[in-house]
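Notes follow once the structure below has been shown.
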Amino acid sequence: MRRLSRRTIFAIAAVTALVYATALVLTLTNLDIPPFDLLSGILLLAAAAGQLAALWAFGLQFRHGVVETGGHLQPSSAVKAALVGAGVARLIPAGGAVTPVAMSWMVRKEARASGGAAVRATVLNYAGLLLGTGFALLWVINRGLYESLEAGTWILGIIAITIGLLLLFGTRLIGLLATRLPPRLRDHLGPPTESHIPDGRSQFLLWSRLALEAFALFLVMQAFDLHLTPMQTAAAFGVGQLAGGLPGTPGGVGFAEAGLVGALAAFGFDAEISLAPVLIYRIVSYWIPLIAGLVAGGSSFLKETSQEVAGLPGPGGPANT
């Protein structure tokens, strides 16, 4: 895997932040934004807390994968690894592939060969995202989404559910594929790649994480008087996440916002009304985890130039892991 230098990555992040801040200021200045009061501020703080709690659940899921194979990992170390994985992923285009690399690197002294557990946690996250998005899309169109979108949305929903099920219940396939890798890479991936179907604890942590992230979106929309139903929230969240996985920009910046605005437009919210709340939501879901990840140790990871770490594989997919 070709790696960008730390200076280049931070330069990209700085330019992205400047462009994002400019777009936010112009939006707040020129568009008709719903009133913002004390309750709105409380809702935004709760959304930020929910987003960080979601990463906490992701870290515990990573730890569960390590413990399942007889390893040992402190909960605090696992959560720190999840923060770093999420932060680094937001700095690099198609950074979801880097998430398990960063996570296993952060705990390399405490839990050897934890790459498999990190890959498994990341794959399960994508599986849950696809499943949740697919079912939410089918639900909302059954409730009367615009007829012109129904046929295509049904197909997208079914495809998302099918791929999600294959990933969720096909984790054993990862192990079968791993047996064909060179021995050195198999050692890095570790035993969790040959694990069984996700157990109850894995399922609980997976759906808790996704529910918390979707709830953060719901709270931000509520703060700006955009009232979504739970299923509309799940569908919009999933579409935004999947759009953010398109390669080209750090963490899918621009694609995720466009996906969210488009999904909200399908529910009847004009882009002039929804754009500012979407940009605020992305501060909660993108910029706060990025900063938290850098504080937790992402800078140390980015300084690592070892070919061994650079060679750890990871799945592609949504960048906002």
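Taken together, the criteria place V66 among residues that are of a type in the set (V, I, T) and in contact with a Ser or Thr (Cβ under 7 Å, 6 or more places away or on another chain).
Looking only at the range 86-140, which residues are charged (D, E, K, R) and more than 23 Å from F169 (Cβ to Cβ)? Within the range 86-140, R90, R108, K109, E110, R112 qualify.
Okay, residues lined up against (1) surrounded by 23 or more Cβ atoms within 10 Å (Cβ to Cβ); (2) within 14 Å of the chain's Cα centre (by Cα); (3) under 19 Å from D199 (Cα atoms):
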| position | (1), (2), (3) |
| --- | --- |
| A86 | yes, yes, no |
| A89 | yes, yes, no |
| P100 | yes, yes, no |
| S104 | yes, no, no |
| K109 | no, no, no |
| G116 | yes, no, yes |
| V119 | yes, yes, yes |
| V123 | no, yes, yes |
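For the range 216-321, the helices (runs of 4 or more DSSP H) that sit wholly inside it and include 2 or more residues that are aliphatic (A, V, I, L, M) and either modelled with pLDDT under 90 or within 28 Å of M103 (Cα to Cα) (or both) are 230-244, 255-266, 271-282, 288-293, 307-310. Exactly one residue out of L55, L91, L83, L73 is closer than 23 Å to A243 by Cα and not in a helix (DSSP H, G or I): that is L91. L38 passes all but one of (1) surrounded by fewer than 12 Cβ atoms within 10 Å (Cβ to Cβ); (2) at pLDDT below 75; which number fails? Looking at each condition in turn, L38 falls short on (2). When the residues of the range 12-35 are filtered to those that are part of a helix (DSSP H, G or I) and over 21 Å from I288 (Cβ atoms), the one that is modelled with the lowest pLDDT is N30.
Scanning the range 195-215 for residues that are surrounded by fewer than 17 Cβ atoms within 10 Å (Cβ to Cβ) and not in a loop (DSSP other than H, G, I, E, B) gives G200, R201, Q203, F204, W207. Of all residues in the range 100-121, those satisfying the criterion of being in a helix (DSSP H, G or I) and either of a type in the set (G, A, S) or touching a Leu at 6+ places or on another chain (Cβ under 6 Å) (or both) are V101, A102, S104, G115, G116, A117, A118, A121. Remark: T133 falls outside the filter, which requires a residue to be within 14 Å of P198 (Cα to Cα), modelled with pLDDT of 80 or more and within 14 Å of the chain's Cα centre (by Cα).
The values are calculated or read from the model by the stated rules, or taken from the named source; none is laboratory data. A quick note: this is a predicted structure, and the numbers were derived from the prediction, not measured. Cβ coordinates were reconstructed from backbone atoms using ideal geometry, including for glycine residues, and neighbour counts include every protein chain displayed.
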